[in-house]
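Following: one structure in structure tokens, then a few remarks.
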Amino acid sequence: MSPDGRSPWWETAVVYEVYPRSFADSNGDGVGDLRGVIDRLPYLASLGVDAVWLTPFQTSPQVDQGYDVSDYCDVDPLFGTLGDLEDLIAGAHELRLRIIVDLVPNHASVEHPLFRAAVAAGPGSEERSLFHFAPGGSDGGPPNDWPSVFGGSAWTRAVPDSAEDLDWYLHLFAPAQPDWNWRNRAVGDFFEEVLRFWLDRGVDGVRIDVAHGLFKAEGLPDMGDLPPRADGLRINPLARDQEEVHDVYRRWRRVAEEYAPPRLLVGEVNLPPDRAARFTRPDELHQSFAFTFMGIGWDADAWLRVAEELERVRRQSGSLPTWALENHDVQRAVTRFGGGQVGEWRARAALVAMLGFPGCAYVFQGQELGLPGVDVPDAAKRDPMWERARVSRDGVRVPLPWTAAADGFHGFSGVRDGARPWLPQPEGWGLCAVDGQGQDSASMLTLFRQAIRMRRALVGDGTLRSGDPAEWSLTPGGLLLCRRSGGFVVALAMGDQDVPIPDGRIVLCSAPLVSGQLPPDAAAWVLTG
Ligand code: NOJ
């Protein structure tokens, strides 16, 4: 239950995303691990968040930093052991933190035993029917024109040099990530077991990677000439949002409800809000991420448009939005909102605003510190997208600064044997460190803790009721307002002048008022009578 005692806990929760590689390294090999997370559980509890989402730690060759899984039911030695994970779950529960784990059902790793067996078994075999294998086109090229999300073709030859085996296999992401064929019922049975395996370990929820993508259009037809997006990549409508996928989540929902209390299913449903809402119908997933916010900059009209659309969809579907400004795939808010001091003020304001919006909020590690995106040198980049599309997400995955002192790589790691953090920390990283910010009453970390404490109190006393509709508006001065029931108003100053805010008691502010008005790039929570 949530602090208001009435709704499931996740409806009002703040969930903190831990990217284990970059969180805390306990064994000094330069890569964060589960023991590192265990060591920092008191920090996570001190933030006041309700739950921790761990991105993949399962066995993996780490081509896509764990999103290429070779054993779904074990922990990669890089991160520790299953025993460590069990300790982590138990330790978190003692501190009243819930644990959400990542499940990657769209694709496996080329090292997965079932994929290796499929390659070995040859064309036309039953083993190959677990994945998408197909002979090349008449020109000797790939079976169809689908692009990979990571750039280039979505097909790779199964046995590149063979004159007999002319099959290709489908991978929507890197060639190291072959897509499962969900039209084969055995795949559904396999993943039900995987789901149960993690729920039986006592996790409180599961985040589903590429939840919209499991089914591909029957027959894998060509996609034709769709225009590329601004980033040069192309969205393939034939590889997403197929009707059959909903039966998977109906099945998973029945499984999640066998547990007491029921476990959370949250999908990475990267679709427009009205399509995404179909994944959270009452017998499917509980939540999907609202991606639209992560894609916009500091633009009041865009914020209003996105918020109103989410509100409209929410009222129609009855399913609450989940708010997120950052994750391990998108540019940090500080940088996206302009960088430097201005970017920092805006990121503070945006975080306060988001935590005041109705529904569950997801924050990404380091967001509470106001970390900027880092310009990682090309030679140090590790993202498989870099090689194929010259796009890199490494800059938001740089290991956290825990201490201002640079020794031990700002407390991230007591590296040994000449090891270095898997991504380099930049000059000045210590200025954002947890230790300094923890002692600074004006820091982003302090603000984050204050916001969560206040949010909990307002949910607990019944002021904030997530299910109630909200009214969104924008004043000519660029003040975005979200009016919720209980007289609670979120005010976000996105223009370039000081603006008056609604009368009432200000319970939180991201920056001091100026002559009673909210300055640009600031946010406040107001209780109006
Ligand atoms: C979404 C994950 O968040 C991202 O990091 C990953 O590369 C893709 N899915 C593929 O698994």
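Can you confirm whether Gly516 is in contact with a strand residue (DSSP E or B) (Cβ under 6 Å, 6 or more places away or on another chain), without any contact (Cβ under 8 Å) to a residue 40 or more places away in the chain and of a type in the set (Gly, Ala, Ser)?
No.
List, please: which pairs have Cβ atoms under 6 Å, are six or more places apart or on different chains, and start with a residue in the stretch 199-218 that is farther than 26 Å from Asn236 by Cα and end with one that is within 16 Å of the ligand (Cβ to nearest atom) and aliphatic (A, V, I, L, M)?
Val203/Val101; Gly205/Ile100
If you scan the stretch 133-155, which residues turn out to be within 19 Å of His112 (Cβ to Cβ) and within 16 Å of the ligand (Cβ to nearest atom)?
Passing the criteria: Ser148, Phe150, Ala154.
Of all residues in the stretch 178-196, count the ones that are exposed (fewer than 15 other Cβ atoms within 10 Å of the Cβ) and hydrophobic (A, V, I, L, M, F, W, C).
Count: 1.
I need every pair where a residue in the stretch 254-272 that is in contact (Cβ under 8 Å) with a residue 24 or more places away in the chain and more than 16 Å from the ligand (Cβ to nearest atom) has its Cβ under 7 Å from the Cβ of a residue that is open to solvent by 40 Å² or more (accessible area, probe 1.4 Å) and part of a loop (DSSP other than H, G, I, E, B), sequence separation at least 6 or different chains.
Ala256/Pro262
From the set of residues in the stretch 162-175 that are of a type in the set (A, V, I, L, M, F, W, C) and open to solvent by 20 Å² or more (accessible area, probe 1.4 Å), which is farthest from the ligand (Cβ to nearest atom)?
Ala163
Hey, which of the helices (runs of 4 or more DSSP H) in the stretch 401-493, taking only ones fully inside, have at least 3 residues that are open to solvent by 50 Å² or more (accessible area, probe 1.4 Å) and either in the same structural domain as Gln341 (by TED's automatic domain parsing) or under 30 Å from Ser319 (Cα atoms) (or both)?
444-460
Kindly indicate whether Ala333 is touching a helix residue (DSSP H, G or I) at 6+ places or on another chain (Cβ under 8 Å), more than 16 Å from the ligand (Cβ to nearest atom) and more than 17 Å from Asp209 (Cα to Cα).
yes
Suppose we filter the stretch 377-408 for residues that are over 18 Å from the mean Cα position of the chain (by Cα) and away from the ligand (no atom under 16 Å from the Cβ); how many remain?
12
Return only the number of the condition from (1) modelled with pLDDT of 95 or more; (2) open to solvent by less than 40 Å² (accessible area, probe 1.4 Å) that Gly137 does not satisfy.
If we test Gly137 against (1) modelled with pLDDT of 95 or more; (2) open to solvent by less than 40 Å² (accessible area, probe 1.4 Å), just (1) comes out false.
Counting only residues that are within 16 Å of the ligand (Cβ to nearest atom) and out of contact with any Leu (no Cβ under 8 Å at 6 or more places or on another chain), which one in the stretch 292-327 is modelled with the lowest pLDDT?
Gly295
Of everything in the stretch 350-408, what is among the aromatic types (Phe, Trp, Tyr) and free of Cβ contacts under 8 Å to residues at least 12 places away in the same chain? Give them in sequence order.
Passing the criteria: only Trp386.
Based on what the data block shows, is Ser125 closer than 20 Å to Phe190 by Cα, in a helix (DSSP H, G or I) and free of Cβ contacts under 8 Å to residues at least 60 places away in the same chain?
Judged against the criteria, Ser125 is not a match.
Quick check on my filter: what residues within the stretch 447-483 are more than 26 Å from the chain's Cα centre (by Cα) and of a type in the set (D, E, K, R)?
Scanning the stretch 447-483 gives Asp461, Glu471, Arg483.
Can you tell me which residue among Gly359, Gly373, Gly366 is within 16 Å of the ligand (Cβ to nearest atom) and in contact with an Asp or Glu (Cβ under 9 Å, 6 or more places away or on another chain)?
It is Gly366.
Of all residues being at pLDDT 95 or above and assigned to a helix (DSSP H, G or I) in the stretch 387-399, which is surrounded by the fewest Cβ atoms within 10 Å (Cβ to Cβ)? Just the residue, please.
Step by step, filter the stretch 387-399, then rank; the result is Gly395.
Cβ-Cβ distance below 7 Å, separation of 6 or more or different chains: which pairs start in the stretch 53-65 with a residue that is modelled with pLDDT of 95 or more and end on one that is among the basic types (Lys, Arg)?
Trp53/Arg207; Gln65/Arg21
The values are calculated or read from the model by the stated rules, or taken from the named source; none is laboratory data. Keep in mind the model is a prediction, meaning the values are calculated, not measured. Using ideal geometry, Cβ is built from the backbone for each residue, glycine included, and neighbour counts are taken over all protein chains shown. SASA here: full protein model, heavy atoms, side chains in, ligands and nucleic acids out. Shrake-Rupley method; radii C 1.70, N 1.55, O 1.52, S 1.80 Å.
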